[in-house]
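The values are calculated or read from the model by the stated rules, or taken from the named source; none is laboratory data. Note that the structure is a prediction, hence the values are computed from the model and not measured. Don't worry about glycine lacking a Cβ; one is built from the backbone with ideal geometry, like all the others, and counts go over all protein chains shown.
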Amino acid sequence: MAQLTKDLPDGYRVLEVGCGTGNVLRALEQTCTRGTVVGMDLFAEGLAFARKRTSCPLVRGNVDQPGFGVPFDLIGAFDVVEHLSDDLQIFRSIHSMLKPGGVILLTVPAHQSLWSYFDEAAHHCRRYEPDDLRSKLNQTGFEIEFFSQFMASIYPLLWLVRRIGSVRRKTGSPKHEEADRDLSLEELRIVPVLNGLLTFVLAQEARLIKSRFVLPFGSSLIAAARRVG
């Protein structure tokens with residue numbers, strides 16, 4: 001985000017769609033000090049938490065019907081579009097909210113082969129293959145400037161944990177929604193030593209992404225794409 005905004009004039013506008021409880025929005029506000037950062041989410045419950053974390057203007061709204069009177073220089077969508085059934089329409093809507101030459105920065109979960117109880121519990125509609133995401137961005141009027149997989153260092157662990165969890169799900173509770181939730185919460189449980197190790201490893205990976213190094217595999221995708229036209 002800092003790289004994408006460094007050459008913009010003072011007063012540039014940044015929007016995070018699906019800002020939720022404001023955790024990422026807080027980081028955007030701290031980074032984009034010369035601009036105005038706005039958070040938008042469909043759910044008032046999340047925005048109530050965001051108000052405690054940031055001083056950004058917050059809007060309750062639907063990305064399908066944004067209703068903003070001014071365009072944005074940059075729009076972030078971080079683990080959002082995989083929750084929405086018509087992602088092409090979402091990309092078109094974001095395209096319409098950007099200035100000509102404006103940028104979308106987004107992250108999504110990668111690889112349908114990793115689909116599991118976690119995606120069911122999170123109400124995902126899909127995971128993305130790299131070529132599929134590239135194609136959809138190009139199809140909706142974007143030119144990709146940077147594209148990489150990430151979370152490479154935890155990919156083997158994630159694959160193993162979710163395969164084991166899927167087996168347990170089949171042999172466990174017949175109530176799949178409850179089983180999906182329980183397995184997902186278990187996966188999110190913090191194990192102190194392991195958590196510290198993974199935090200260190202992923203910090204090194206983040207430095208590579210910051211330097212625009214393209215990782216060959218990972219459990220997520222990151223893309224920066226510029227509006228054409």
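Looking only at region 51-80, residues that are in contact (Cβ under 8 Å) with a residue 60 or more places away in the chain and of a type in the set (A, V, I, L, M) come to 4 in all. Restricting attention to region 147-163, which residues are out of contact with any Asp or Glu (no Cβ under 6 Å at 6 or more places or on another chain) and either surrounded by fewer than 16 Cβ atoms within 10 Å (Cβ to Cβ) or polar (S, T, N, Q) (or both)? Once the filter is applied, which keeps residues that are out of contact with any Asp or Glu (no Cβ under 6 Å at 6 or more places or on another chain) and either surrounded by fewer than 16 Cβ atoms within 10 Å (Cβ to Cβ) or polar (S, T, N, Q) (or both), region 147-163 yields Phe147, Ser148, Gln149, Pro156, Leu157, Trp159, Leu160, Arg163.
Scanning region 179-221 for residues that are at pLDDT below 85 and of a type in the set (Val, Ile, Thr) yields Ile190, Val191. Quick check on Ala50: is it assigned to a helix (DSSP H, G or I), small (Gly, Ala, Ser) and within 20 Å of Thr31 (Cβ to Cβ)? Answer is yes for this residue.
In the set (1) within 17 Å of Leu106 (Cβ to Cβ); (2) modelled with pLDDT under 85; (3) not small (Gly, Ala, Ser), Arg163 fails one condition alone, (1).
Evaluating Leu25 against the criteria (1) part of a loop (DSSP other than H, G, I, E, B); (2) buried (at least 21 other Cβ atoms within 10 Å of the Cβ) leaves one unmet condition, (1). If you check Val103, Val59, Val70, Val108, which single one turns out to be in a loop (DSSP other than H, G, I, E, B), of a type in the set (Val, Ile, Thr) and within 26 Å of Arg26 (Cβ to Cβ)? Answer to the selection: Val70. Return a yes/no flag: does region 105-120 have any residue that is polar (S, T, N, Q) and in contact with a Cys (Cβ under 6 Å, 6 or more places away or on another chain). Looking through region 105-120, none of the residues is polar (S, T, N, Q) and in contact with a Cys (Cβ under 6 Å, 6 or more places away or on another chain). Out of curiosity, is Glu45 among the acidic types (Asp, Glu), outside any loop (DSSP other than H, G, I, E, B) and without any contact (Cβ under 8 Å) to a residue 12 or more places away in the chain? Here the answer is yes, as Glu45 does meet what is asked.
So that you can scan it fast, the table gives a plain yes or no per residue for (1) more than 17 Å from Ala2 (Cα to Cα); (2) surrounded by fewer than 20 Cβ atoms within 10 Å (Cβ to Cβ); (3) touching a helix residue (DSSP H, G or I) at 6+ places or on another chain (Cβ under 6 Å):
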residue	(1), (2), (3)
Val37	no, no, yes
Glu45	yes, yes, no
Ala48	yes, yes, no
Pro57	yes, yes, no
Val70	yes, yes, no
Val81	yes, no, yes
Ile104	no, no, yes
Phe118	yes, no, yes
